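Down below is the structure, laid out as structure tokens.
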Amino acid sequence: MMNMAASAISVDGLTVRRGKATILDGLTLRIPRGEVVGLLGPSGCGKTTLMRSIVGVQRVAGGTVEVLGEPAGSPGLRHRVGYVTQAASVYDDLTVQQNLAYFRRILGAAKADVDRAIEATDLGANAGQLVSTLSGGQRSRVSLAAALLGAPDLLVLDEPTVGLDPLLRVELWELFHRLADAGTSLLISSHVMDEASRCDRLLLMRDGAILADETPASLLASTGAEDAEGAFLALIRRRHPKHALPDAPDAADAPDAPDAAGTGTDADGGER
């Protein structure tokens, strides 16, 4: 396991409960600095709860979360962490430009950041448009543009590519890697397994537990799978035998083929 100094995020024994249900039970993980880390798993597996814990807006029952060397939610992290929720967190009655100008002033970011964020998220043609008139995918991009203001050290993005066309998805992943190359750490959740190959490192999650924490290449090598979806299924079957596929029967155990009358025969040719 990497040391904490090399980690953008350090989670130790994180436990989150809602009522009588335990969502995360003693979760421990490290997320490295300067990489694109994918948090993949089915809807309802705890991805959003983990992300909310990392940005400091989730009530936790136990454990610790450290972000960029400080406790999650510390005042000093407000300008260092950008967070994009699944639901677009922007104002419908403002234009794209006005939304970003508003958030820029709150953050104290440079004026040039607005144009930079608009260009990075391909919103130039919509800059003067009211957010209420945008499509769902465009609204999500406005939220992403707001998170890019001020050049945060860590971006926590909850399913940022949902509802986007394939070309824009590719362009956004290219943007994510450019940001990582410049030193930004990114944690990106998705339930779309084909996005796994675009990450530097993967966290595969199911039922509030981390099934794997490794690079895409090492994940495929360790499971013998051809893709991330196959690797995910292989890991589930290892942990939960009830999901395992039945083994093919050995030839010696296979039933004798019936004869023309539908009866089996013994090894010496006699009828059973």
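The values are calculated or read from the model by the stated rules, or taken from the named source; none is laboratory data. Not measured: the values here are computed from a predicted model. Methodologically, a virtual Cβ is constructed for each residue, glycine included, from the backbone with ideal geometry; neighbour enumeration extends over all protein chains shown.
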### Residue identified as aliphatic (A, V, I, L, M), touching a strand residue (DSSP E or B) at 6+ places or on another chain (Cβ under 8 Å) and at pLDDT 95 or above among Leu219, Leu211, Leu187
Leu187
#### Entry: Enumeration of residues in segment 192-202 that are of a type outside the set (D, E, K, R) and either touching a helix residue (DSSP H, G or I) at 6+ places or on another chain (Cβ under 8 Å) or modelled with pLDDT of 95 or more (or both)
Met193, Ala196, Ser197, Cys199, Leu202
## Note on the structure
So, first residue surrounded by 16 or more Cβ atoms within 10 Å (Cβ to Cβ) in segment 229-240, second residue hydroxyl-bearing (Ser, Thr, Tyr) and modelled with pLDDT of 85 or more, Cβ within less than 6 Å, six or more apart or across chains; the pairs are Ala231/Thr223; Ala234/Thr223
### Message
Name the residue that is farthest from His177 (Cα to Cα), counting only residues in segment 102-155 that are surrounded by 15 or more Cβ atoms within 10 Å (Cβ to Cβ), among the polar types (S, T, N, Q) and touching a residue at least 24 places away in the same chain (Cβ under 8 Å).
### Response
Gln129
### Query
Does any residue of segment 175-193 turn out to be acidic (Asp, Glu) and either exposed (fewer than 14 other Cβ atoms within 10 Å of the Cβ) or assigned to a helix (DSSP H, G or I) (or both)?
yes
